[in-house]
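The values are calculated or read from the model by the stated rules, or taken from the named source; none is laboratory data. Predicted, not measured: the structure shown is a model, and the values here were computed from it. Every residue, glycine among them, receives a Cβ derived from its backbone with ideal geometry; neighbour counts consider all protein chains shown. For the accessible areas, the whole protein counts, side chains as well, though only heavy atoms, and no ligand, DNA or RNA atoms are used. Shrake-Rupley method; radii C 1.70, N 1.55, O 1.52, S 1.80 Å.
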Amino acid sequence: MGNSFMPPAATEVAGQVDNLYAFLLWTSFIGCAILLGGMIFFVLKYKRRTNNDKTPYISHNTFLEFLWSFIPLVLFLAVFGWGWHIYHQMRQMPENALEVHVFGRQWSWEFVYKSGKSAGNEFLVPVNTPVKLLMTSKDVLHSFYVPSMRIKQDVVPGRYTALTFTADKLGDFHVFCTEYCGTSHSGMLAKLKVVTQADYDKWIQENEEGMTLAERGQKYYNDKGCVACHSVDGSPKVGPTWKAIFGKEHVMDDGSSVKVDENYLRESILYANAKTVKGYGKGVMPSYQGQLTEDQVNAMIEFIKSLK
Ligand code: CUA
C-alpha cells in the first residue's frame, strides 16, 4: 500500500508498519463516515414536522447493542495482534548482525564500529544486511529515531539499549533525536547512508584510529589492572575468566542465573558488587564507577566479546 504522505519505507518491516497504519486510518475514516453519515441521515429522516409528532418510546435493542460492541472489539483485537506481530519482528535481534555502537550526547550522535572507526553526522551501513545498534548516552536522555526504518528507541545514560533494522533500499535517511534534551535538541541530527557492500567496505577501511575496539579494550584490560584478577585463557584467578563468557549463563552466589550480555558486563565493571558469580568472593573487586569513560567501558566489553 503506497502512502505518499509517509517517509519512504526502507525496510521490509517499515512496509508492514505502513499497512497497519493504513488499516487504522481507513477503519477510522469508514467508522467516522458511518457515524456522522448515520447521524445526519436520521436527523433529516426523523425531523419533528408538526407539533403533534410524538417520539415513540424505544427502550433498547439487544442485537444492535451486541453488534456495536462486538465489531469494535474484533477490530481492536486484530490491531493488537497485528501490532504485536510487527513489534516482535522489530525486537528480534538477529545473530551475526553488523554491530554499530551509538552514543548520544548534547547535541550530536557518534557512531563507532568494531574496527575502531568512528563517525559523527553521518554513518554508513551496507544494504540488505542486518544491523544492530547498541546505544547509550554520555549525558541525558535522548531518543534515536530513523523515520524511514520506522524504528525509535530511547538512549539512556547508564545502560545499553538496542535497535535492529535491515535496509532494503539505497539512499540517505534522516536520523532525529525525539526526546527533548535541551537547547539544541532540534539540531541533534545525523544521516544514515545505506550503500552497497563494496562502498561500505571501502569506507570502513579508511580507518584513522588504527586500533580496533577490541584492541583498545585489551589495552585497558592491561592498563587498568583487570589482568591481575581475570584471565583471558579460561583459567580461574581471583575473578572469573573472561574467555568465552559472552552469551553464557553465569550462576550467582544467590543461586540465580544471569545471561552475560552488554548490560551485565557494564554493571559488573562499574559496580563490581552488584552481582557476584558463585564461588568468587563478594566485595573483592573494586568499583570502577567514575574511573572509566563511556568509550573505555564500551571498548572493554568489545574485548570480552572478542574472546571466543
Ligand atoms: Cu538529544 Cu533531544
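A few remarks follow.
- Scope the stretch 154-191; condition within 8 Å of the ligand (Cβ to nearest atom) and open to solvent by less than 20 Å² (accessible area, probe 1.4 Å); matching residues: Val155, Cys177, Cys181, Gly182, Met188
- Boolean, Leu141 is without any contact (Cβ under 8 Å) to a residue 60 or more places away in the chain, crowded, with 16+ Cβ neighbours inside 10 Å and farther than 15 Å from Val13 by Cα: no
- Residue in the stretch 194-213 that is under 20 Å from the mean Cα position of the chain (by Cα) and more than 16 Å from the ligand (Cβ to nearest atom) present: yes
- Qualifying residue in the stretch 178-185 (condition: touching a His at 6+ places or on another chain (Cβ under 8 Å), small (Gly, Ala, Ser) and farther than 16 Å from Asn298 by Cβ): no
- In the stretch 122-181, the residues that are more than 18 Å from Thr196 (Cβ to Cβ) and over 15 Å from the mean Cα position of the chain (by Cα): Lys138, Asp139, Val140, Gly158, His174, Tyr180, Cys181
- Residue satisfying all of: in the stretch 192-227; in contact with a Leu (Cβ under 7 Å, 6 or more places away or on another chain) and open to solvent by less than 40 Å² (accessible area, probe 1.4 Å); nearest to Val297 (Cα to Cα) among these: Tyr200
- Qualifying residues in the stretch 84-102 (those that are within 13 Å of the chain's Cα centre (by Cα) and assigned to a strand (DSSP E or B)) - the one farthest from the ligand (Cβ to nearest atom): Glu99
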